[in-house]
1. Restricting to region B:103-120, name every residue that is closer than 23 Å to B:Val249 by Cα and either buried (at least 19 other Cβ atoms within 10 Å of the Cβ) or at pLDDT 95 or above (or both).
2. So is A:Leu102 within 14 Å of chain B (Cβ to nearest Cβ) and in contact with a strand residue (DSSP E or B) (Cβ under 9 Å, 6 or more places away or on another chain) or not?
3. Would you say A:Ala92 is more than 7 Å from chain B (Cβ to nearest Cβ) and aliphatic (A, V, I, L, M)?
4. Mind checking whether some residue in region B:2-10 is among the β-branched types (Val, Ile, Thr) and more than 8 Å from chain A (Cβ to nearest Cβ)?
5. Select from region B:26-69 the residues that are in contact with a Pro (Cβ under 7 Å, 6 or more places away or on another chain) and facing chain A (nearest Cβ under 7 Å) and list them in ascending order.
6. If I filter region B:254-262 for residues that are in a strand (DSSP E or B), at pLDDT 95 or above and under 18 Å from the mean Cα position of the chain (by Cα), do I get at least one hit?
7. Consider A:Val13 carefully, then state whether it is more than 19 Å from B:Phe52 (Cα to Cα) and within 9 Å of chain B (Cβ to nearest Cβ).
2 protein chains.
Amino acid sequence: MRQFNEDTLTAAVVERIQRGTKDERFREILASAVKHLHAFARDVHLTEEEWFEGIKFLTSVGQKCDDKRQEFILLSDILGLSMMIVALNHKAPAGATEATVLGPFFAHGAKEYGYGADLREGATLKGEDVYVSGRVLTTDGKPIPNAVLDIWQAKADGIYDLQTEGEFELRGRVRANEKGEYALKSYKPKFYSVPMDGPVGDLVRRTGNHHMRPAHMHAIVSAPGYQPVITHVFVEGDPYLDNDAVYAVKDSLVGKYRKVDDAAEAKRVGMPNPFIRLDWDFRLAAEAGVKARKKIAASDAIA
Amino acid sequence: MRQFNEDTLTAAVVERIQRGTKDERFREILASAVKHLHAFARDVHLTEEEWFEGIKFLTSVGQKCDDKRQEFILLSDILGLSMMIVALNHKAPAGATEATVLGPFFAHGAKEYGYGADLREGATLKGEDVYVSGRVLTTDGKPIPNAVLDIWQAKADGIYDLQTEGEFELRGRVRANEKGEYALKSYKPKFYSVPMDGPVGDLVRRTGNHHMRPAHMHAIVSAPGYQPVITHVFVEGDPYLDNDAVYAVKDSLVGKYRKVDDAAEAKRVGMPNPFIRLDWDFRLAAEAGVKARKKIAASDAIA
């Protein structure tokens with residue numbers, strides 16, 4: 001193991017990894033990472049100065065991370081890697097709601113609500129009142145009772161609650177009712193910029209300044225026996241739908257936020273008149289593993 | 001620009017980079033990095049959990065870096081990337097001393113010495129006394145006068161001066177004389193471990209624990225009109241020559257440290273008897289740019 005040149009070195013590193021790494025999956029991942037890392041250096045004939053610029057950049061990304069900020073996730077997002085991971089791992093079964101990026105602003109421990117949840121409670125900034133309602137359904141359109149919808153979105157200034165000091169805001173766990181229906185009150189989402197004050201912001205500026213995300217409400221929808229979906233609802237007409245900084249837009253996830261000017265309807269749903277309304281159904285695929293377990297249980301019963 | 005899947009996403013990200021990035025070389029490097037990053041994720045079908053492990057690992061590497069420690073360079077070293085960069089950028093011209101990794105422990109501002117430099121001055125740890133001497137030559141064996149040799153190595157405990165508080169140790173800028181001869185006194189290098197107390201150490205353990213570097217003296221040899229060389233002199237017989245943690249060993253860089261028991265010779269070179277002696281010549285290639293400039297000057301003279 002010596003005397004390597006650019007044609008023999010990669011095989012030597014991979015061979016050492018494959019010989020010494022016990023965990024099979026880790027071995028596979030690391031060997032592939034080394035092959036691609038070396039191939040990248042060879043393909044562009046990376047100079048020492050460029051290599052050192054890369055070292056300094058990755059160091060600054062790591063050092064920008066803290067309890068509230070994850071600059072490496074942001075880097076992954078703007079290089080399209082996060083969306084690639086979604087694409088690889090969440091191919092929507094036919095008829096199910098499509099998945100998109102989780103993003104760095106999901107949080108555990110949000111307040112729990114039932115039907116008609118008012119997520120505007122305690123909001124420090126006002127926005128356009130919106131009433132969102134619909135159903136959680138199976139892929140063939142049957143209601144799923146009591147699903148849970150984790151909902152979060154940016155405030156009216158485009159900043160998430162997690163990015164500032166203070167309480168949760170425009171965020172909640174909303175339980176659908178026995179008929180599969182849910183309803184919640186919030187503000188209409190607005191487009192916003194990804195954080196641009198760190199090394200990833202510098203990178204985005206050098207690559208043409210695509211730093212905006214189209215407006216969206218985040219949702220994770222889950223119910224026992226079904227595959228949960230991590231998704232967004234985008235806003236029809238948003239100027240950044242075709243230029244999302246993180247490549248997350250899907251046509252099937254663009255919702256029509258329609259203006260309602262009807263005092264009776266406003267009164268019925270407990271909103272000011274006029275207001276904005278989004279009707280949106282989520283559809284979940286059955287969880288394959290659960291089905292399999294049920295089959296086993298059934299055959300046990302027969303035996 | 002929406003509705004991407006794992007087959008169309010990479011092209012979309014690359015297209016955005018190519019459209020928006022003004023600097024041509026940066027555009028080429030970033031586009032290639034994205035292609036390889038995405039291909040890696042696809043090749044191993046990276047899961048979300050694995051992706052997040054990667055995010056956490058890179059974050060911890062960045063956060064281990066400080067004024068005295070560069071954990072990303074260490075990561076580059078143990079993945080063979082640093083040696084790949086050397087291989088790509090420093091193909092030794094025929095007859096010239098081969099290059100190898102710089103490593104993270106070079107420092108500017110070391111004390112300057114002439115012929116016979118004693119780098120043991122102020123050393124806090126003793127080692128085996130060694131006398132190193134030889135010449136700095138052209139590729140066809142002619143002496144290069146007054147070359148500068150930047151020399152550094154680990155202390156007897158395998159730790160570099162830069163890794164601890166205190167003064168420079170076993171480090172100096174040694175100038176060769178007009179006949180191209182240099183000589184210095186130091187301690188015989190010993191093998192040592194790369195730093196194993198950080199996230200890269202954890203990685204090395206998972207991949208089979210190749211964390212040792214064979215003993216070596218670092219040298220950067222330079223002279224006006226010649227290509228400088230960043231190199232090592234390894235120690236013949238070292239147990240880690242075939243298992244270098246950073247893949248840096250070349251046969252042409254292994255030196256014979258021979259024991260001398262000769263009172264007259266010891267006295268002549270100012271060493272205790274017995275001592276260890278290394279005879280080592282460095283050979284530098286002419287700098288192409290300088291040659292070109294000289295040719296232009298010559299043709300000017302003819303015209």
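1. Of everything in region B:103-120, those that are closer than 23 Å to B:Val249 by Cα and either buried (at least 19 other Cβ atoms within 10 Å of the Cβ) or at pLDDT 95 or above (or both) turn out to be B:Gly103, B:Pro104.
2. Taking the combined requirement at face value, the residue satisfies it.
3. yes
4. Yes, region B:2-10 has at least one match.
5. B:Val61
6. Within region B:254-262 (the criterion being in a strand (DSSP E or B), at pLDDT 95 or above and under 18 Å from the mean Cα position of the chain (by Cα)), the answer is yes, since at least one residue qualifies.
7. When the stated conditions are applied, A:Val13 passes them.
Yes or no, residue by residue, for (1) over 19 Å from B:Arg283 (Cα atoms); (2) at pLDDT 95 or above; (3) in contact with an Asp or Glu (Cβ under 7 Å, 6 or more places away or on another chain):
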position	(1), (2), (3)
B:Asp157	yes, no, no
B:Asn177	no, yes, no
B:Pro189	yes, yes, no
B:Gly201	yes, yes, no
B:Arg213	yes, yes, yes
B:Val221	no, yes, no
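The values are calculated or read from the model by the stated rules, or taken from the named source; none is laboratory data. This structure is a prediction, so every number in the text was calculated from the model and none was measured. We place every Cβ from the backbone using ideal geometry, glycine too, and count neighbours over all the protein chains shown.
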